[in-house]
């Protein structure tokens with residue numbers, strides 16, 4: 001849809017876009033309150049209409065219709081909007097932690113650590129990209145591979161401990177439902193491992209008796225009970241998602257967003 | 001992205017028509033009934049407890065953003081959190097909202113400001129309670145867990161798209177004894193929430209939440225339309241199973257987009273239109 005621009009032209013286009021956007025936003029601020037909601041509803045409807053028509057219009061052998069070529073352009077607009085929003089996030093982060101440091105709130109040292117880490121990673125990333133060298137690469141690797149990745153891995157590993165404590169609570173035999181849950185979970189777990197399979201290894205692999213092998217029972221619970229129940233939940237979710245999407249697209253979701261302000 | 005098959009065209013238009021018809025009927029004064037959903041009724045209890053204890057509430061709208069995959073889920077989560085904020089504002093409670101997606105911060109601020117105004121306490125709203133933590137999954141989980149423990153929140157509300165971080169957050173809430181209400185369309189995370197939270201909203205109850213909480217005719221009408229569609233889908237599944245078992249797989253083939261007279265006819269329409277064009 002758009003030809004990518006580089007160098008000076010790119011800078012000019014960015015500046016022009018910023019100025020035009022600024023003027024547009026300035027003019028919109030003068031829009032009477034009663035017109036704001038219809039304007040938002042109209043923009044929402046038009047933006048959604050493109051995707052609806054692109055999805056519904058018949059396609060040719062190359063799986064494309066008259067609107068398909070513009071899909072990348074629309075996706076890029078979305079990306080630009082999201083990229084602009086990153087600035088909002090950084091502002092929120094600095095504002096919250098800056099206030100904590102200035103007011104010496106409890107735990108303000110953590111805020112200092114966060115801001116120092118923020119600048120360390122940002123500056124090392126810039127140097128790594130624009131002025132590569134052994135020192136810059138070393139700092140970059142230390143920040144990303146040495147610190148960030150390991151910290152994330154550490155957080156992920158905590159999940160395994162939480163699974164144990166959550167499972168303990170869930171499997172405590174307090175009611176009929178909890179007992180059924182415990183029994184099913186026990187069979188499924190033991191049926192998945194070789195030790196469990198060895199318990200009923202003496203049973204034949206064919207015929208009626210094969211149905212009583214632990215791995216068969218575990219598979220039956222997963223595919224005949226668990227999967228249909230999950231599919232039923234997902235069916236309800238799918239219909240709910242569709243209904244909610246229609247409500248949002250047609251701006252019928254009154255009261256949840258901007259009902260009074262705009 | 002895929003394009004609509006003939007079956008999808010008919011079915012999606014039918015679904016949209018049913019939902020819109022019921023919305024219009026509700027807007028014209030027809031009263032519809034919604035059954036009690038315990039998880040949503042518990043919101044008042046959780047907010048009231050926080051007021052009694054004089055501690056803040058914490059809400060998370062998960063890892064979803066404003067993209068095609070999770071946008072609707074996230075906006076629904078934000079609508080639920082807005083209602084919670086409105087209830088909380090009546091008691092003068094603070095609600096902490098750690099965020100993953102910075103593009104949602106202005107929307108969240110506006111929604112919560114509006115909610116506090118509706119609750120009659122606009123001055124109780126503080127911008128700094130909506131804080132961007134990180135767009136990295138486990139950095140966000142660590143941040144939320146830290147907030148739960150530092151602030152000793154009385155109640156935790158988890159609505160939206162969650163992945164492996166769900167259990168880290170919910171277990172920390174459980175550890176400090178907070179009342180926890182959760183709801184997510186991420187089916188793989190529902191068991192974790194059931195194990196760690198006090199109330200869990202399952203399946204399409206998630207999308208019924210705003211209608212249930214606000215009782216607005218438009219939303220209630222949409223929920224009724226949604227239930228009619230579910231009934232229609234179940235009828236088609238039953239009919240398809242019976243017909244397929246009888247050796248006439250017409251319903252199955254139609255939705256599987258295989259050659260049957262009706263599908264052939266529908267396929268021929270765009271081809272004829274192209275020739276005509």
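Could you say which residue among A:188, A:193 is farther than 18 Å from residue B:188 by Cα and not assigned by TED's automatic domain parsing to the domain that holds residue A:124?
A:193
In the stretch A:183-194, what count of residues is obtained for those that are in contact with a helix residue (DSSP H, G or I) (Cβ under 7 Å, 6 or more places away or on another chain) and either surrounded by fewer than 16 Cβ atoms within 10 Å (Cβ to Cβ) or within 9 Å of another protein chain (Cβ to nearest Cβ) (or both)?
Going through the stretch A:183-194 one residue at a time, the tally reaches 2.
Can you tell me which of B:102, B:106, B:38 is at pLDDT below 90, surrounded by 21 or more Cβ atoms within 10 Å (Cβ to Cβ) and farther than 19 Å from residue B:169 by Cβ?
From the options B:102, B:106, B:38, the qualifying one is B:102.
Taking the stretch A:100-131 as the region of interest, how many residues are within 14 Å of chain B (Cβ to nearest Cβ) and either in contact with a strand residue (DSSP E or B) (Cβ under 7 Å, 6 or more places away or on another chain) or part of a loop (DSSP other than H, G, I, E, B) (or both)?
So the answer is 4.
Quick check on this structure: which one of A:39, A:31, A:49, A:93 is surrounded by 11 or more Cβ atoms within 10 Å (Cβ to Cβ) and outside any helix (DSSP H, G or I)?
After applying the criteria, what remains is A:31.
Would a scan of the stretch A:192-211 turn up a residue that is in a helix (DSSP H, G or I) and under 30 Å from residue B:76 (Cα atoms)?
No.
So is residue A:153 more than 21 Å from residue A:221 (Cβ to Cβ) and surrounded by 13 or more Cβ atoms within 10 Å (Cβ to Cβ) or not?
Against the criterion (more than 21 Å from residue A:221 (Cβ to Cβ) and surrounded by 13 or more Cβ atoms within 10 Å (Cβ to Cβ)), residue A:153 does not qualify.
Identify, by number, the condition in (1) closer than 30 Å to residue B:6 by Cα; (2) loosely packed, with under 11 Cβ neighbours inside 10 Å; (3) within 9 Å of chain B (Cβ to nearest Cβ) that residue A:68 doesn't meet.
Residue A:68 satisfies all of (1) closer than 30 Å to residue B:6 by Cα; (2) loosely packed, with under 11 Cβ neighbours inside 10 Å; (3) within 9 Å of chain B (Cβ to nearest Cβ) except (2).
Look through the stretch B:55-81, keep the residues that are more than 15 Å from residue B:208 (Cα to Cα) and at the interface with chain A (Cβ under 10 Å from one of its Cβ atoms), and return whichever of them is modelled with the lowest pLDDT.
Only one residue fits best here, namely B:68.
The values are calculated or read from the model by the stated rules, or taken from the named source; none is laboratory data. Computed from a predicted model, the values in this text were never measured in an experiment. In this analysis, Cβ positions are derived from the backbone assuming ideal geometry, glycine residues included, and neighbour counts consider all displayed protein chains.
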